[in-house]
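The values are calculated or read from the model by the stated rules, or taken from the named source; none is laboratory data. In this text, all values refer to a predicted model and were calculated from it rather than measured experimentally. Methodologically, a virtual Cβ is constructed for each residue, glycine included, from the backbone with ideal geometry; neighbour enumeration extends over all protein chains shown.
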Amino acid sequence: MKRRQFIQGTIAASGAMVTANAAKASEKVLRGKAEHCVMLWLGGGMSQIDTFDPKKRGDAKQKKPGSYYSAIETSVPGVQVCEHLSKTAALMENITALRTINHDVVDEHAAAANRMHTGRPTAGTVTYPSLGSIVAHQRGAVAEGVPAYVLLGYPNIARGAGFLGPKAGYVYSTNIASGPAGLARSKAITETGAARQVRIARREGLLDAVRSEGASRFANDAKFEEYDAAVAESLRLAGPEFMKVFDLSREPDALRNAYASEFGQRCLLTRRLFQAGVRFVEVSYSDNFKNGTGWDTHNEGQLNQHLLIRDLDSALATLITDLDKHQLLEKTIILVNSEFGRPGGFDSGGGRGHHSKCFTSVIAGGGLNHVGAWGQSDEVGEKILDQPVSVPDYFATALAALQIDPSANLYDGDRPVPVTDQGKPIATLF
């Protein structure tokens, strides 16, 4: 064998080995085992420096940058969180605070919310699907008779299915006591027993006639087909079995008290939805009046931010222990997400502005190898020093944990669209 042939053969063999090793690494990343996902959405912009990435204490009155609260140790050595996250701190071995999330949208809440729901910038020609819709599209519901994706909060386009269409959309509820809008039987139906069933059947028969006529008149009309599919899904879900899931009075008082706030009750409902077979739930924070501004802590909103943080603490910690009790924690990815973070300094009113170049989102549960915290920011939590995590990386990690290939393609008509915008899962967590 000539020397040149030997070298070429060696290079080819080495290249094959590298390719094989890369394939094995990719395969390892994709060995998630989660079946469910919940996103706790803190609309407004959770301050990383006042929650999961605490720094030295600052002073709002003197405009000295730094944390508004003291830091405490957690169950993971060397990882600290805010003093108002004491319950979560004791469970930090189940959590990874991703302290170096970043994107380039800072001034506009809607655009930033879209980024943190879809993983992509807004585009004039494409409406991208949310993470919840991607999961619903890729994996469907866990069980028959329930939706794949439930939103406990107000609907908007950022949370929607985008080009995936209504089948990947959500069922939503703003009032957990009454259940999803449009699924409860009409209050005009006052009959009981057999008479009630007869009247319901009569109504459904009339609706069937309208749908049949529509299908004939609007054959091959995509808009009508979408509408008809939505009607069919509503009828399927309007039965009593699914609606029973929303009856939290079936849960022990002690557990409901542990979940505490209305936000916590939504998290309790989430566990019940997972038990019923729902795949993805988004829980929107629901008590922004406690501090006057919600998580958008400009000016005086900073003063009582701890009330919101305590709500999050009780809800998140109780959700983790409750899921674990029901053998669901290993099967459930928990995300704590927000539009962006806040700077380490204070504004003229003693609050904080917006900051998107370095902030914290959280991933928990799901059978991952959690490390407490990932990435390092500077002394005021504004600049990334090590291990940056893009929004697509964050989504790719969640998708991989849910057994979804983050490098696969979705299709907008005939056009392939990658599931994530070149996101790479954090391999250390797998």
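Looking at (1) surrounded by 16 or more Cβ atoms within 10 Å (Cβ to Cβ); (2) at pLDDT 80 or above, which is the one condition that is false for Leu237?
All conditions pass for Leu237, except number (2).
If you take the residues in segment 138-184 that are out of contact with any Leu (no Cβ under 8 Å at 6 or more places or on another chain), among the hydrophobic types (A, V, I, L, M, F, W, C) and crowded, with 23+ Cβ neighbours inside 10 Å, which one is farthest from Ala111 (Cα to Cα)?
Ala148
Take the conditions modelled with pLDDT of 95 or more, over 22 Å from Gly423 (Cβ atoms) and touching a Pro at 6+ places or on another chain (Cβ under 9 Å) and apply them to Ile72. Does it pass?
yes
Just checking, does segment 125-137 include any residue being of a type in the set (Gly, Ala, Ser) and surrounded by fewer than 24 Cβ atoms within 10 Å (Cβ to Cβ)?
The answer is no, given that none of the residues of segment 125-137 is of a type in the set (Gly, Ala, Ser) and surrounded by fewer than 24 Cβ atoms within 10 Å (Cβ to Cβ).
Before we move on, is Ala168 under 30 Å from Asn299 (Cβ atoms), in the same structural domain as Leu40 (by TED's automatic domain parsing) and touching a residue at least 12 places away in the same chain (Cβ under 8 Å)?
Criteria not met by Ala168.
Is at least one residue of segment 280-295 of a type in the set (S, T, N, Q), within 18 Å of Arg99 (Cα to Cα), crowded, with 20+ Cβ neighbours inside 10 Å and in contact (Cβ under 8 Å) with a residue 24 or more places away in the chain?
No, every residue in segment 280-295 fails to be of a type in the set (S, T, N, Q), within 18 Å of Arg99 (Cα to Cα), crowded, with 20+ Cβ neighbours inside 10 Å and in contact (Cβ under 8 Å) with a residue 24 or more places away in the chain.
Here are the criteria: (1) surrounded by 21 or more Cβ atoms within 10 Å (Cβ to Cβ); (2) of a type in the set (A, V, I, L, M, F, W, C); (3) in a loop (DSSP other than H, G, I, E, B). Tell me which single one Val106 does not satisfy.
The one condition Val106 does not meet is (1).
For every residue, the table says whether it meets (1) more than 23 Å from Ser356 (Cβ to Cβ); (2) in contact (Cβ under 8 Å) with a residue 40 or more places away in the chain; (3) in contact with a Cys (Cβ under 9 Å, 6 or more places away or on another chain).
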{"residue": "Ser70", "(1), (2), (3)": "yes, no, yes"}
{"residue": "Val76", "(1), (2), (3)": "yes, yes, no"}
{"residue": "Met92", "(1), (2), (3)": "yes, yes, no"}
{"residue": "Thr100", "(1), (2), (3)": "no, yes, yes"}
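Collect the residues in segment 254-293 that are in a loop (DSSP other than H, G, I, E, B) and within 20 Å of Leu319 (Cβ to Cβ), keeping them in residue-number order.
Listed by number, the residues that qualify are Ala260, Ser261, Gly277, Val278, Arg279, Tyr285, Ser286, Asp287.
Out of (1) more than 26 Å from the chain's Cα centre (by Cα); (2) surrounded by 15 or more Cβ atoms within 10 Å (Cβ to Cβ), what's the single condition that is false for Lys56?
The number of the failed condition is (2).
Evaluate the following for Gly381: is it over 22 Å from the mean Cα position of the chain (by Cα), surrounded by fewer than 19 Cβ atoms within 10 Å (Cβ to Cβ) and assigned by TED's automatic domain parsing to the domain that holds Gly264?
Spelling it out, it is not the case that Gly381 is over 22 Å from the mean Cα position of the chain (by Cα), surrounded by fewer than 19 Cβ atoms within 10 Å (Cβ to Cβ) and assigned by TED's automatic domain parsing to the domain that holds Gly264.
Okay, residues lined up against (1) part of a loop (DSSP other than H, G, I, E, B); (2) under 25 Å from Ala89 (Cβ atoms); (3) in contact (Cβ under 8 Å) with a residue 24 or more places away in the chain:
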position	(1), (2), (3)
Ala373	no, yes, yes
Val380	yes, yes, yes
Ala396	no, no, yes
Val417	no, no, yes
Gln422	yes, no, yes
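Does Arg199 meet the test of being in a helix (DSSP H, G or I) and at pLDDT below 95?
Considered against the rule, which asks whether it is in a helix (DSSP H, G or I) and at pLDDT below 95, Arg199 comes out as yes.
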